[in-house]
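For reference, the structure is listed below as structure tokens.
Derivation of every value follows stated rules applied to the coordinates shown; laboratory data play no part. Every value quoted in this text rests on a predicted model; they were computed, and no experiment measured them. Methodologically, a virtual Cβ is constructed for each residue, glycine included, from the backbone with ideal geometry; neighbour enumeration extends over all protein chains shown.
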Amino acid sequence: MVFNYPEKPFSYRFLSKINKLEALKSYDLNSVPKSKFLSPTKLLEEYTFFTPERMRVTNDQLKRDYIRNFRDHGPVYVRGTFTVTATRRLTGDDVFTDGWVAVVRANELEDVSVELVLPGLSREDSPYRAGDQITLDGKKGCAAAVHLQKQENDRLLVTAVPLLYGTITTFEGSLASLKAPEKLNMDAVWPIWRDAPDAKVEAGQASEAVVKAVQVTAAPPVR
């Protein structure tokens with residue numbers, strides 16, 4: 001049971017203690033797992049009618065596949081253009097304990113939001129500001145869903161983490177580095193930022209800096 005369900009908090013702690021957890025991989029564009037990319041509309045169509053039990057099973061599978069580096073099933077990738085609504089630093093109380101998380105709302109369909117995890121991003125100030133535009137696709141991050149949360153009014157919140165660690169372009173145009181997490185805190189709550197402000201950001205509220213899409217450079221392949 002422990003080896004078959006590493007996403008369970010007890011299993012993860014035990015496997016970590018005896019050094020039986022495979023290190024989370026950093027991929028490049030040639031080695032990243034091939035799988036389906038779902039737009040916000042497709043995400044809502046796919047998951048909005050799931051029962052609580054089916055959603056629980058799905059979330060367990062998403063986390064298990066991520067921890068196992070997708071050796072059994074491919075990721076569910078998120079694609080589309082999103083508007084940043086809020087950001088904060090990650091802490092030791094979060095699932096991902098180092099870096100930043102950005103909550104972004106889909107431009108295509110406002111009923112879908114993503115909390116985009118930016119692991120290992122070591123900077124004091126936020127990489128994005130409210131109103132910045134982030135594009136996710138097969139060349140920019142390959143953001144894999146690791147948790148799905150149904151919200152009020154049939155809305156969907158997706159927790160996603162890029163599999164192409166490397167560098168991102170911040171709101172001011174500088175480069176900042178990401179890196180694969182060394183360890184997760186599976187005792188923490190999901191979604192990561194439960195009380196995140198998710199107010200609608202109008203077009204005129206973007207930061208004065210030139211709005212830039214996420215640009216993730218390919219990380220070196222893991223040997």
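With the contact rule set at Cα under 8 Å and sequence spacing of 6 or more, what percent relative contact order holds for region 1-160? List each step's numbers first, then the result.
Working: 279 pairs, mean separation 35.7, N = 160.
Here the relative contact order equals 22 percent.
For region 1-53, just say rounded, prolate or oblate: build the C-alpha gyration tensor, square-root its eigenvalues into a ≥ b ≥ c, call rounded for a/c under 1.5, and beyond that prolate if a/b exceeds b/c, oblate if not. Mind showing how you got there, number by number?
Details: a/c = 4.09, a/b = 1.39, b/c = 2.95.
Here region 1-53 falls in the oblate category.
Looking at region 24-205 only, what percent of DSSP beta bridges run antiparallel? Nearest 5 please. Could you put the intermediate results ahead of the total?
Working: 30 of 39 bridges.
Here the share of antiparallel DSSP bridges comes out near 75 percent.
Could you tell me which trypsin sites (Lys or Arg not before Pro) in region 32-87 are loop residues by DSSP with no more than 12 other beta carbons within 10 angstrom of their beta carbon? Could you put the intermediate results ahead of the total?
Numbers: sites: LYS34, LYS36, LYS42, ARG54, ARG56, LYS63, ARG64, ARG68, ARG71, ARG79; in loops: LYS34, ARG68, ARG71, ARG79.
Here the sparse-neighbourhood loop sites are LYS34, ARG71.
First check a/c for region 24-205, with a ≥ b ≥ c the square roots of the eigenvalues of its C-alpha gyration tensor; if it is under 1.5, answer rounded, and if not, answer prolate when a/b is larger than b/c or oblate otherwise.
Values: a/c = 1.33, a/b = 1.06, b/c = 1.26.
Note, shape of region 24-205 comes out rounded.
Pop out the ³J(HN,Hα) list for region 168-185 in order, Karplus 6.51 cos²θ - 1.76 cosθ + 1.60 with θ = phi - 60°, rounded to Hz; leave Gly and Pro as x.
These are the phi-based 3J(HN,Hα) values: 10, 8, 7, 4, 8, x, 7, 9, 9, 9, 10, 8, 5, x, 7, 7, 10, 9 Hz.
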